[in-house]
Amino acid sequence: MAHNRHAFFDFARTKLFKGRLIRGQVEGLTVILDTWQARVGQGEAPSLAYVLATAFHETAATMQPVRETLAASDRSAIARLDEAFAAGRLGSVKTPYWRPDAEGKSWLGRGLVQLTHRRNYEAMSDVTGIDLVADPGRAMEMPVSVAILIEGMRRGSFTGRKLDDYFGPGRADWVGARKIINGNDRAELVARHARVFGQALDSRSH
């Protein structure tokens with residue numbers, strides 16, 4: 001297995017990470033691979049490739065849980081989102097979901113996949129067994145974040161669409177699979193990343 005991982009990291013480093021992987025990226029990739037293996041097993045490489053590509057895209061290639069806008073704190077993220085909203089740069093957003101509620105909690109995007117809105121934090125509390133409504137900041141913890149990423153995509157928790165809708169024996173809808181997370185937003189881009197992650201996973205068996 002160590003040899004196989006070595007091939008995966010070599011391929012990913014060259015094709016996706018511009019020839020250099022830093023510690024946080026290696027750690028993030030490793031946790032996703034380990035958690036997938038524990039929860040799903042060795043199979044379903046295209047689905048795993050799409051999970052990896054989603055984290056790659058949603059975290060700006062850091063492979064670490066991040067806040068929306070990549071801000072270092074909730075307060076900073078809220079300020080950036082407010083500014084973008086006021087400037088009309090968030091065209092699809094009707095109500096500012098990131099603004100603190102009556103309890104002072106913000107439901108801004110957090111994690112390896114940007115979990116937003118209270119209802120999604122509630123749903124992921126059930127999936128992870130962690131009370132994210134009591135403390136939404138826990139979505140920034142790696143074990144919690146990777147469970148949200150993998151189980152949310154497997155179960156269709158985000159949009160009702162799930163990995164099995166797009167991947168299975170003899171089929172891989174790389175572009176359509178973006179609907180699991182966010183409609184058609186950057187669907188072609190994420191698909192390109194996913195195909196490369198698929199090649200990296202294939203390199204383990206050579």
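The values are calculated or read from the model by the stated rules, or taken from the named source; none is laboratory data. A quick note: this is a predicted structure, and the numbers were derived from the prediction, not measured. Cβ placement follows ideal geometry from the backbone for every residue including glycine, while neighbour counts extend to all protein chains displayed. Each accessible area value is taken on the protein alone, full model and side chains, heavy atoms only, with ligands, DNA and RNA left out. Shrake-Rupley method; radii C 1.70, N 1.55, O 1.52, S 1.80 Å.
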Q) Of all accessible surface on the chain at a 1.4 Å probe, what whole percent is carbon and sulfur? A) 49
Q: Note the direction-averaged projected area, equal to a quarter of the hull surface, for the Cα convex hull of the range 1-89, in nm².
A: 7.4
Q. What is the helix-to-structure angle for 74-86, meaning the angle in degrees between its Cα long axis and the longest Cα principal axis of the chain, kept from 0 to 90 and rounded to the nearest 10?
A. 80
Q | Built amide H within the under 5 Å cut-off of GLY109, gap 5+ | A | GLU68
Q. Hey, got a sec? Which GluC sites (Glu not before Pro) in the range 36-130 land in a DSSP loop and have at most 14 other Cβ atoms within 10 Å?
A. GLU103
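Please give the charge dipole size of the range 45-173, origin at the Cα centre, charges +1 on K and R Cβ atoms and -1 on D and E Cβ atoms. Round to the nearest 20 debye.
Numbers: 16 positive and 16 negative charges, 53 e Å.
It works out to roughly 260 debye.
Taking a ≥ b ≥ c as the square roots of the eigenvalues of the Cα gyration tensor of the range 24-171, is the shape rounded (a/c under 1.5), prolate (a/b larger than b/c) or oblate? Could the numbers behind the result be given before it?
Working: a/c = 1.76, a/b = 1.72, b/c = 1.02.
Note, shape of the range 24-171 comes out prolate.
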Q) Farthest toward the dipole's positive end in the range 60-160, which of ALA60, PRO100, VAL133, given Cβ charges of +1 (Lys, Arg) and -1 (Asp, Glu) about the Cα centre? A) ALA60
Q: Rank THR30, THR69, THR14 by mean-square fluctuation in a GNM of the chain with C-alpha springs under 10 angstrom and give only the top-ranked residue.
A: THR14
Q) Using Cα atoms only, what is the angle between the long axis of helix 23-39 and the major principal axis of the chain, expressed in degrees (0 to 90) to the nearest 10? A) 80
Q | Folded to 0 to 90 degrees: helix 142-155 orientation relative to the chain principal axis, Cα | A | 80
Q: Could you give log10 I(q)/I(0) at q = 0.20, 0.28, 0.29 Å⁻¹ for the range 156-195, computed by the Debye formula over C-alpha point scatterers of equal weight, without solvent?
A: -0.53, -0.95, -0.99
Q: Just report the Cα centroid separation between the range 107-138 and the range 156-204, whole Å.
A: 22
**Q.** 3J(HN,Hα) from dihedral phi, the range 55-63, Karplus parametrisation 6.51/-1.76/1.60, rounded to Hz, x for glycine, proline
**A.** 5, 4, 6, 6, 9, 6, 6, 6, 6
Q | Max mean-square fluctuation residue, GNM over the chain, Cα-Cα springs under 10 Å, options ALA147, ALA86, ALA172 | A | ALA86
